[in-house]
1. Could you grab me the full set of residues in the range 29-57 that are more than 16 Å from ligand 1 (Cβ to nearest atom) and either over 16 Å from the mean Cα position of the chain (by Cα) or at pLDDT below 95 (or both)?
2. Tell me, which strands (runs of 3 or more DSSP E) lie completely within the range 137-234 with 2 or more residues that are within 16 Å of ligand 2 (Cβ to nearest atom) and over 14 Å from the mean Cα position of the chain (by Cα)?
3. Within the range 10-47, can you find the residues that are within 17 Å of residue 66 (Cα to Cα) and within 14 Å of ligand 2 (Cβ to nearest atom)?
4. Pairs only if they're at least six apart or on different chains, beta carbon under 6 angstrom, first in the range 35-46 and more than 11 Å from residue 161 (Cα to Cα), second near ligand 2 (Cβ under 8 Å from one of its atoms); list them, first residue then second.
Ligand SMILES: Nc1ncnc2c1ncn2[C@@H]1O[C@H](COP(=O)(O)OP(=O)(O)OP(=O)(O)O)[C@@H](O)[C@H]1O
Ligand SMILES: [Mg+2]
């Protein structure tokens, strides 16, 4: 379980996170929605120590990691996590298999036989078997996303953070990725946090939805109760209404 308590983060004079409270339960899919620039990426980067919060607490599996050094965090906590970046980002100079192997070498001490097995297994799980010797620039956008997800699951994380996994994909491919996220959650039990603008996809695959607005989580609700909320900012956002005077 991840417990985020009163988290604050500013950049110079820009206050981005202003007291975020959020729990992420083991085994669930939680989607975080909110306007562009509101701080969604900053929030999940804070969870894995890519950004250092100014104050507040992050408790992971009952361990308060807030005061951890980078070394402590990387040793004890980082192996529990994988992160699918907003831009997917595989190294063009390496094959798909090479990209996954690099992640395996950074994260853990595994021998070559085990790394090869994990590369094959993770590509099989995203239905991209036999492309390990292919270079990223030979893949379509949807295949690239799946390859970056394969890289993320190869290290067998407990928690998988996806930053906009369906942005830029057509509706059919977005559906493929959403189904894949659900399948990985079901079959591997991976606790998944998804940042997304894809409300209908989030509604379909998530257990809960949380909305970040003006530096705070203003609402969390079960995904199947999205339509019944008594919160104007939330309701306007999910129905696509634009409020011009809201900052
Ligand atoms: N390392 C940084 N240094 C300075 N400002 C930053 C940094 N990272 C993020 N910001 C700022 O924090 C704000 C929130 O950024 P963030 O990337 O979290 O938004 P977001 O909600 O993920 O938006 P989007 O939906 O467009 O991805 C933005 O104004 C951004 O410019
Ligand atoms: Mg972002």
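The values are calculated or read from the model by the stated rules, or taken from the named source; none is laboratory data. What you see is a predicted model, and the numbers here were worked out from it, not measured in a lab. Backbone-built Cβ (ideal geometry, glycine too); neighbour counts: all protein chains shown.
1. Those that are more than 16 Å from ligand 1 (Cβ to nearest atom) and either over 16 Å from the mean Cα position of the chain (by Cα) or at pLDDT below 95 (or both): 55, 57.
2. It comes to 208-213.
3. 17, 42, 43, 44, 45, 46, 47
4. Pairs that qualify, where the first residue is more than 11 Å from residue 161 (Cα to Cα) and the partner is near ligand 2 (Cβ under 8 Å from one of its atoms), are 40/195.
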